[in-house]
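Asker: Dumping the structure here so I can ask a few things about it.
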């Protein structure tokens, strides 16, 4: 059976004060803020917790074919300067001949929050737009609301577990980028990077390339090619600036054996 996308958006409001809030949306159990803890440097580590019915999944920041990556809006929050998602390593799924990237049954997404004034109270008042899929895909919009008191450690164990699954640094891994080629095309560049592993890549290994949003550019991911000790990652970067791409801003993530390894920059 093919997946069918239902073009409806649901708004549910679930606050962090609720231990559990039942969702009226098929496939979704609950969305809540785990309030976390205040760190020694004044930042606050919280998390968004999405719980789904068994077999349903949601998506990573790059969703793959047909997925819906999450989008956050924190603008109405109080005393929060920046909110930085700390993504755990996702899983790769084969869905009806397409590869999607995400999480099945639940996602705990840590969020590092920087206050405007460390001495004043912090409050999350935002929204998340995301998708959940099984045999059908449903876009969802959920309110995110929570006070973040300085003296709290709610959900610390669950958040730390997710933080431990973050991508590791490519420079410290056994994987090496051998070359990275940019070929000019109409409206942008074709990018191809060859990586090697001292042993071999798993057959289901894939690579993802990202370029910062807001730089008048966007990336179309293409199929990765695995051949023994080599992995070739391919994408097309469309850019309004057709003469220059800052290689140091390109991020390459290898997903292999349920782990993520990220390289910053893509040299010759």
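Rule-based calculations on the coordinates, nothing more; no lab input. Since we're looking at a predicted model, the values are computed, not measured. Note that we place each Cβ from the backbone using ideal geometry, even for glycine, and neighbour counts take in every protein chain shown.
Asker: Starting from the Cα coordinates of the range 86-218, work out the convex hull volume and express it per residue in Å³.
Answerer: It is 205 Å³ per residue.
Asker: Using 1/(1 + (r/R0)^6) with R0 = 45 angstrom and r between the beta carbons of residue 98 and residue 244, what's the FRET efficiency to the nearest 0.05?
Answerer: Details: r = 33 Å, r/R0 = 0.74.
It comes out at approximately 0.85.
Asker: Quick check on the range 168-264: of the DSSP beta bridges with both residues there, what percent are antiparallel, nearest 5%? Walk me through the numbers on the way to the answer.
Answerer: Details: 37 of 39 bridges.
Antiparallel bridges make up about 95 percent of those DSSP assigns within the range 168-264.
Asker: Assuming R0 = 25 Å, can you tell me the calculated FRET efficiency for the pair residue 181 and residue 229, based on Cβ-Cβ distance, to the nearest 0.05? Before the final figure, lay out each step's value.
Answerer: Details: r = 19 Å, r/R0 = 0.76.
Computed FRET efficiency for residue 181 and residue 229: 0.85.
Asker: To the nearest µm²/s, what D does Stokes-Einstein give for the range 4-163 at 10 °C and 1.306 mPa s, using the Kirkwood radius over alpha carbon pairs as Rh? Walk me through the numbers before you get to the answer.
Answerer: Numbers: Rh = 16.0 Å.
Rounded to a whole number, D works out at 99 µm²/s.
Asker: Something else about it: Return one quarter of the surface area of the convex hull spanned by the alpha-carbon atoms of the range 150-268, equal to its mean projected area, in nm². Show your work: numbers first, answer last.
Answerer: Working: hull surface 37.8 nm².
Reported value for the Cα convex hull: 9.5 nm².
Asker: Distance in nm between label sites at residue 199 and residue 259, each 7 Å beyond Cα in the beta-carbon direction?
Answerer: 0.8
Asker: Let me ask another. Give, in nm to one decimal, the length gained when the segment between residue 71 and residue 105 is fully stretched (0.36 nm per residue of separation minus the Cα-Cα distance).
Answerer: Details: separation 34, 0.36 × 34 = 12.24 nm, distance 1.92 nm.
Extra length available between residue 71 and residue 105 comes to 10.3 nm.
Asker: Could you estimate the translational diffusion coefficient of the chain from the Stokes-Einstein equation, with Rh from the Kirkwood formula over C-alpha pairs, at 37 °C and 0.692 mPa s, in whole µm²/s?
Answerer: Details: Rh = 19.9 Å.
For the chosen part, D equals 165 µm²/s.
Asker: How large is the Rg to Rh ratio of the range 182-222 when both quantities use alpha carbon positions and Rh follows Kirkwood?
Answerer: Details: Rg = 13.4 Å, Rh = 12.7 Å.
On the Cα set of the range 182-222, Rg over Rh gives 1.06.
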